[in-house]
Amino acid sequence: MKIAVAKYPVSAPATFVDFAEKQARLLAEAAAQDAGIAVLPEYLSLELGATFEVSVRGDLLASLAATQAYHADWLALFSRLARGTRMHVVAGTFLLATAHGRYRNRSYWFTPSGAHGWQDKLQLTGFEKSTAVIEGGDELNVFEAGNVRTGIAVCYDGEFPLPVRAQYEAGARLLLVPSCTDTEAGATRVRVGCLARALENRMFVAQSVTAGEAPWSPALDVNTGEAAIFAPMDAGFPAEGVLAQTQGDQVWAIADLDFGALEASRVNAQVANDRDWMGQLAPAIARARVKPL
């Protein structure tokens, strides 16, 4: 299975049509390289804030409310593009209104048949908490993509081992991480989380990112990091755990994932974090004891 993850160049589309044409062009590039899955970044819907007047685009809460008018068009657009490219498309995230003026950071997965599922972001960053209107999700999913089970961990969620472990135990061998970071430290945190999840679960992890600057946006103003695809740091895979990574202005990082080799690597594994997971839960070491010296 070939997967493509985007280093998405943030811009300022004047209309939804402009936004749609950009998505079609970028996804066509991934499809032309025979990708079976394409992953766009977190906060993708916030780029649509640029279609509104200055007083709205510069106000996060106003732009979140205004963007809801595009939700049906968003679903129709990515459903059509997934069908047209014959790819599974993870359309970054859409900040979706729920009850009482609150929003969930929702990542939609669109299949080549046009159907879709979703995973909400579970853990909130300090920025998201500070808005006082974004809430975490309450459901953890795993999706079937052909013969491969796949989970989504939106950005910060990839830094938490237990939900990803639950996805692994439900059969996930691929984790998709749509992300958006505005500092080098943030980019490092998400990247290290991805590498850790790949190691401890013996799974592939694919991270998409936002790139460039959008001074008109209170949330997409600065963007950092590289899109990358990670593997366990073990026999048969790169020592640094990186299968592919963007550089410079490159939009797509693409790798051909060999799940047969992933399973076979268990036989010759130097370490077996995935199988030894339960050892850390032994009653004798579940709690540390403080001992005077």
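The values are calculated or read from the model by the stated rules, or taken from the named source; none is laboratory data. It should be emphasised that the depicted structure is a prediction, and the values quoted were computed from it without experimental measurement. Don't worry about glycine lacking a Cβ; one is built from the backbone with ideal geometry, like all the others, and counts go over all protein chains shown. The accessibility values were calculated without ligands, DNA or RNA, using every heavy atom of the protein model including side chains. Shrake-Rupley method; radii C 1.70, N 1.55, O 1.52, S 1.80 Å.
Per-structure values
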read-out	value
Those trypsin sites (Lys or Arg not before Pro) in segment 220-293 that DSSP places in a loop and that have at most 12 other beta carbons within 10 Å	Arg275, Arg287, Arg289
Per-residue ³J(HN,Hα) for segment 84-99, Karplus 6.51 cos²θ - 1.76 cosθ + 1.60, θ = phi - 60°, Hz, x for Gly and Pro	x, 8, 6, 10, 7, 10, 9, 8, x, 9, 10, 7, 9, 5, 10, 7
Amide H contacts under 5 Å for Tyr103, placed H, 5+ residues apart	Thr98, Ile134, Glu135
Solvent-accessible area, 1.4 Å probe, carbon plus sulfur percent, for the chain	55 percent
Segment Ala286-Ser55, extension gain: residue separation times 0.36 nm, minus the distance between their alpha carbons	77.9 nm
Integer Hz, Karplus 6.51/-1.76/1.60 couplings in order for segment 172-177, x for Gly and Pro	5, 10, 9, 10, 9, 10
Coil-residue GluC sites (Glu not before Pro) of segment 18-92, DSSP, other Cβ within 10 Å capped at 14	Glu53
Average accessible area per residue (Å²) across the chain - probe 1.4 Å, nucleic acids and ligands excluded	44 Å²
Between segment 192-262 and segment 92-153, the Cα center-to-center distance that results, in Å	19 Å
In sequence order, calculated HN-Hα J values of segment 61-74 (Karplus, 6.51, -1.76, 1.60; Hz; x Gly/Pro)	5, 5, 6, 4, 5, 5, 5, 4, 5, 8, 4, 4, 5, 4
DSSP bridge pairs, the chain: antiparallel proportion in percent, nearest 5	55 percent
Cleavage-rule hits, GluC sites (Glu not before Pro), segment 213-293, DSSP coil, Cβ neighbours within 10 Å at most 13	Glu240
FRET efficiency, 1/(1 + (r/R0)^6) with R0 51 Å, evaluated for Ala261 and His100 via beta carbons	0.60
